[in-house]
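Here the structure comes first, spelled out in structure tokens, and everything after it is commentary.
The numbers here are math on the coordinates, done by the rules we state, and not lab data. Quantities reported herein were computed from a predicted structural model and do not represent experimental measurements. We place every Cβ from the backbone using ideal geometry, glycine too, and count neighbours over all the protein chains shown.
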Amino acid sequence: MKDKNIKNASIKHEREKGTEKREERQNARLKNVSALIQKYPEEKELFAAYYGKKVVVHTTGGIVDFNPEGYIDVVGAEKFSYDEYIDVQMKSLQKTRQWFATCYDNIVLGFKGCIERKTKENICFKRVWVEGMYPDGVCFDGKEDHVWMNIAGFEEYQIGDNVCFFAEVYRYVKTGKGKQIDFALRNPENIRKIENYQLPTDEELTRQAIRDIICETCFLSEQCNRVSCLLPKKSIKSK
């Protein structure tokens, strides 16, 4: 009995030491991040938990990369300090191309677009249709309006042409209205002209998003093939 009490006391002591160490690390992070907390007081808990860590956090406004070396692959951010990198990301929340951001974090399957403008060095797509896949195999699609890309690879195509292609999604600093980090496309491959196609309307995409939420929260999701719904039609309408 005595040995058991000693063991329990030892375990309790180790837990208390672990708690103290976590609190010390958190307090150190709060001290380092004080300037950012002054600018974004509502995000104090976020900074306390992740500042200085090699993690990417998904928030309601978008993603925040806390990796101290994360800015290295952001075009135009080569001279950023770590605090500036976090600050610019906070300013960019809810202002980025969300479907390109989704591709950046997952698997790109391809893009489609109609060429709207051409200049000597760039082209502009009126709208780009995005197709991708999450790591669990579930596919997603969406669209981004007025997308500019370098003309390399598209030289032979004309205004009004519809093309499909694969491209790399990357992050860059845009400075039009203050510094912001956004997502764009570069290094296109497998470009080919395609027939005219009809993109879903915003309303159709909203309905699709609602269907996706229903599928993800459905109690039959593990048995469903995402093609033929197992729920009665009345049950789907009620949802």
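Shape of the stretch 57-147 from the C-alpha gyration tensor: oblate (a/c of 1.5 or more and a/b not above b/c, with a ≥ b ≥ c the square roots of its eigenvalues). Here the spin labels are modelled as points 7 Å beyond Cα on the Cα-Cβ line, and at LYS126 and GLN98 they lie 2.4 nm apart.
Take a quick pass over the stretch 51-150 and tell me how many lysine pairs come in under 17 angstrom between Cα atoms, counting only ones 8 or more apart or on separate chains.
Numbers: LYS95/LYS143; LYS112/LYS126; LYS112/LYS143; LYS118/LYS126; LYS126/LYS143.
Close lysine pairs under the 17 Å cut-off: 5.
For the stretch 80-200, the Cβ-based charge dipole about the Cα centre amounts to some 440 debye (Lys, Arg positive; Asp, Glu negative; other atoms uncharged).
Applying 0.36 nm per residue to the separation of PHE166 and TRP148 and subtracting their alpha-carbon distance, the gain on full extension is 5.0 nm. Couplings 3J(HN,Hα) for the stretch 130-147, derived from phi with the Karplus relation 6.51 cos²θ - 1.76 cosθ + 1.60 (θ = phi - 60°), are 9, 10, x, 8, 6, x, 7, x, 6, 8, 9, 8, x, 8, 10, 9, 6, 9 Hz, where x marks Gly and Pro.
Taken along the Cα-to-beta-carbon direction at a fixed 7 Å, the label points for ARG186 and HIS58 span 2.6 nm.
Add +1 for every Lys or Arg and -1 for every Asp or Glu among the other residues with Cβ under 12 Å from the Cβ of GLU195, and state the total. The partial results should precede the final answer.
Numbers: positive: LYS112, ARG192, LYS193; negative: ASP161.
Surrounding charge for GLU195 is +2.
For LYS95, what residues show an amide H to amide H distance below 5 Å, using hydrogens built from the backbone and excluding near sequence neighbours? Answer set, sorted by chain and number: none.
The modelled label-to-label distance between LYS179 and SER34, using points 7 Å beyond Cα along the C-beta direction, is 2.2 nm.
Excluding LYS118 itself, what net charge comes from residues whose Cβ is under 13 Å from its Cβ, given Lys and Arg +1 and Asp and Glu -1? Combined, the nearby Lys, Arg, Asp and Glu give -2.
Mind listing the long-range amide H neighbours of PHE140? Cut-off is under 5 Å, sequence gap 5 or more, other chains count too, H placed in the peptide plane at 1.01 Å from N. Counting only residues 5 or more places away or on other chains, the set is GLY132, MET133, TYR134.
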